Amino acid sequence: MKLAILSRAPHAYSTQRLRTAAAERGHTVKVLNTLRFAIDLTGEQPDLQYRGKLLSDYDAVLPRIGNSITYYGTAVVRQFEQMDVYTPNTANGITNSRDKLRANQILSRHDIGMPATTFVNSRADVRGAIERVGGAPVVIKLLEGTQGIGVILAPEAKVAESIVETLHSTKQNVLIQRFIAESRGKDIRALVVGDRVVAAMRRSASGDEFRSNVHRGGTVEQVTLTPEYEEAAVRSAQIMGLRIAGVDMLEGNDGPLVMEVNSSPGLEGIERATGLDVAGAVIDYIANQVAFPEIDVRQRLSVSTGYGVAELLVHTNADLVGKTIKDSGLWDRDITVLTLHRGTAVIPNPRSGVVLEPGDRLLCFGKLEEMRSMVPDRRRRRTKLRKLPKDALSDS
């Protein structure tokens, strides 16, 4: 394949390892500066210019987008997607993972264990937010922080309030998060490639430092993950829309707690800690997937007038329970089941003989009018207030 690595640091360890691994496997590989692209929308088809010239054809692109150029970098990746060039990490996936708040919002609806987190804007709401995550000590995180920068441990509620107020005064957005004391200054970095963890290491903070980042002086060691931790890492990466990711987890009393999903994980620490060829695993995965470029399914399907994508809940349609997909009548109504979600399991392209159970969620494509009656009512988080009887209030 012909591979482009998008990177502004061609001599960095990770970039060099990926480039070498690709060349050793007989692939043509080039490192291209992300900021030297120009998005060309003047022709009949989406295109890209590089250093003022029309970009030649590539089979795949591997984004290594720095935090400071997220907006422009993801715009370039999105253009590659529109050109049907394969990328293991989509523009949406990179954008979602870069925003700590957005990442937490996305993961929170998929039964992914995470430290209790709140986000507030008003000073008056800070004390309540601290109490909701379990009280002091709490961790305060800047939304745009990286490598442990912008992560502060506040030992007392008043100290936390002062820190948040100071950061808000400088127009910084922050998260307030429960401090997981049992992790004892340690966390796990799992390197996810496709649908498996190819390497994992435990990072330990140095001295009194609670942040375990290697950039903060932390040490690393190879670790073998339990199936529970592997599943949490892989599911988190996939939910974010990333096929290559570094997933950081704390070891909580009740299991893994996902802290962050990194779309451009460094390879130096984990390769040296594990002795594994992580760069080679990344290149092999891309080579195997290059024929299947990422497709924005909703974008492609929504161009069909009157058709769209909807999620149907089986338990709200009692007549579907116990029936196979074939006998459910969905096909007769021009509704196709794309994916069946059952608990934490996902069944893609389910067979016609699959029996539907209460609680199943069906991701379907079909006629919107046919699906309208089957879409469940929006959840009501709180019951409505009952109206007072007419004689409840007297004129006196």
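The values are calculated or read from the model by the stated rules, or taken from the named source; none is laboratory data. Bear in mind the structure is a predicted one, so any value in this text is a computation, not a measurement. Every residue, glycine as well, gets a Cβ built from its backbone with ideal geometry; the counts of neighbours run over all protein chains shown. Just the protein is used for accessible areas: all its heavy atoms, side chains included, with ligands, DNA and RNA removed. Shrake-Rupley method; radii C 1.70, N 1.55, O 1.52, S 1.80 Å.
Here are the numbers for the structure shown:
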{"read-out": "Cβ pairs under 6 Å, 6+ apart, first in region 107-133 and closer than 16 Å to residue 179 by Cα, second hydroxyl-bearing (Ser, Thr, Tyr)", "value": "129/118; 132/118; 133/118"}
{"read-out": "Residue count, region 230-251 (criterion: open to solvent by 30 Å² or more (accessible area, probe 1.4 Å) and assigned to a helix (DSSP H, G or I))", "value": "5"}
{"read-out": "Region 52-62, residues that are assigned to a strand (DSSP E or B) and either open to solvent by 20 Å² or more (accessible area, probe 1.4 Å) or farther than 16 Å from residue 241 by Cα (or both)", "value": "53, 54, 60"}
{"read-out": "Helices (runs of 4 or more DSSP H) enclosed by region 63-141 - at least 3 residues per element that are open to solvent by 30 Å² or more (accessible area, probe 1.4 Å) and of a type outside the set (Asp, Glu)", "value": "70-82, 91-98, 100-108"}
{"read-out": "Of residues in region 27-51 being open to solvent by 70 Å² or more (accessible area, probe 1.4 Å) and assigned to a loop (DSSP other than H, G, I, E, B), the one farthest from residue 65 (Cα to Cα)", "value": "44"}
{"read-out": "Of the criteria (1) open to solvent by 30 Å² or more (accessible area, probe 1.4 Å); (2) closer than 23 Å to residue 99 by Cα, which one residue 155 fails", "value": "(2)"}
{"read-out": "Residue within region 41-53 that is under 26 Å from residue 270 (Cα atoms) and more than 26 Å from the chain's Cα centre (by Cα) present", "value": "no"}
{"read-out": "Test result for residue 17, farther than 21 Å from residue 97 by Cβ and either in contact (Cβ under 8 Å) with a residue 60 or more places away in the chain or not in a strand (DSSP E or B) (or both)", "value": "yes"}
{"read-out": "Residue match in region 175-195 (condition: under 30 Å from residue 280 (Cβ atoms), under 26 Å from the mean Cα position of the chain (by Cα), modelled with pLDDT under 90 and of a type in the set (A, V, I, L, M, F, W, C))", "value": "no"}
{"read-out": "Residue among 271, 260, 221 that alone is charged (D, E, K, R), modelled with pLDDT under 95 and open to solvent by less than 70 Å² (accessible area, probe 1.4 Å)", "value": "260"}
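Matching residues to (1) within 19 Å of residue 90 (Cβ to Cβ); (2) of a type in the set (S, T, N, Q):
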{"residue": "5", "(1), (2)": "yes, no"}
{"residue": "9", "(1), (2)": "no, no"}
{"residue": "16", "(1), (2)": "no, yes"}
{"residue": "28", "(1), (2)": "no, yes"}
{"residue": "46", "(1), (2)": "yes, no"}
{"residue": "49", "(1), (2)": "no, yes"}
{"residue": "59", "(1), (2)": "yes, no"}
{"residue": "66", "(1), (2)": "yes, no"}
